[in-house]
Amino acid sequence: MPNIKIFSGSSHPDLSQKIADRLGLELGKVVTKKFSNQETCVEIGESVRGEDVYIVQSGCGEINDNLMELLIMINACKIASASRVTAVIPCFPYARQDKKDKVGVRETGLASLASAHRSGGQLDSRAELHGLS
C-alpha cells in the first residue's frame, strides 16, 4: 500500500500495532513526551510529505491528554505536508455529553471534532466497528 503511513498515539499502541500488522505496514516513528509543566510534545520521526496519514488514538484513559496529543499530531503532519490526515478514534471522547438538554451547555463531542478538523484532520465518521482478529 503505497503512500500510507500509520501512527500511534500513546493511548493504545497495541491496537495500532494490530491495525498496522493487518494492513502489512510498519507503524510510523513518533515520539511523545511531557514537559515538566505537563505540556505535551510530539515529534513525528519520519517524512510524511505527500502521504495519506492515519493516526490511531483512543479517547480512553487520560481523555484530555489523549485528545490534545491527537490534535498536536494532526497539526504536525499537516505542517509537514501530509496529503491527508485521518484520525482513527476507536473510543470517541465526550460523546456522552453530546445532547442538548440544558441552555448554555456546550456539546463537547462536536467541539472536539471541530478542533480536530481545524487542526487539519479529515472528518469521517464510522460507528460500531467490532473485533479486530
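The values are calculated or read from the model by the stated rules, or taken from the named source; none is laboratory data. All figures in this text were calculated on a predicted structure; none of them were measured in a lab. Glycine gets a Cβ as well: all are built from the backbone with ideal geometry, and neighbour counts include every protein chain shown. Areas reflect the complete protein model, heavy atoms only, side chains present, ligands, DNA and RNA absent. Shrake-Rupley method; radii C 1.70, N 1.55, O 1.52, S 1.80 Å.
The residues Ile55, Ile19, sorted by heavy-atom accessible surface at 1.4 Å with ligands and nucleic acids left out, run Ile19, Ile55 from largest to smallest.
Find the Rg to Rh ratio for region 4-88, where Rh is the Kirkwood radius over alpha-carbon pairs and Rg uses the same atoms. Radius of gyration relative to Kirkwood radius: 0.95. Within the shell defined by Cβ-Cβ distances under 11 Å, the residues around Lys33 carry a net charge of -2, with Lys and Arg each +1 and Asp and Glu each -1. Summary value for region 1-73: 39 percent relative contact order, contacts being C-alpha pairs under 8 angstrom separated by 6+ residues. Ordered from highest to lowest accessible area with the whole protein assembly present and a 1.4 Å probe, Glu39, Glu69, Glu46, Glu26 read as Glu26, Glu39, Glu46, Glu69. Taking every DSSP beta bridge that has both ends in region 4-88, the antiparallel portion is near 30%.
Heavy-atom accessible area for Leu23, with the other protein chains in place and a 1.4 Å probe, reaches approximately 70 Å². With a simple spin-label model that places each label point 7 Å from the Cα along the Cα-to-Cβ direction, the separation between Asp14 and Asn64 comes to 2.7 nm.
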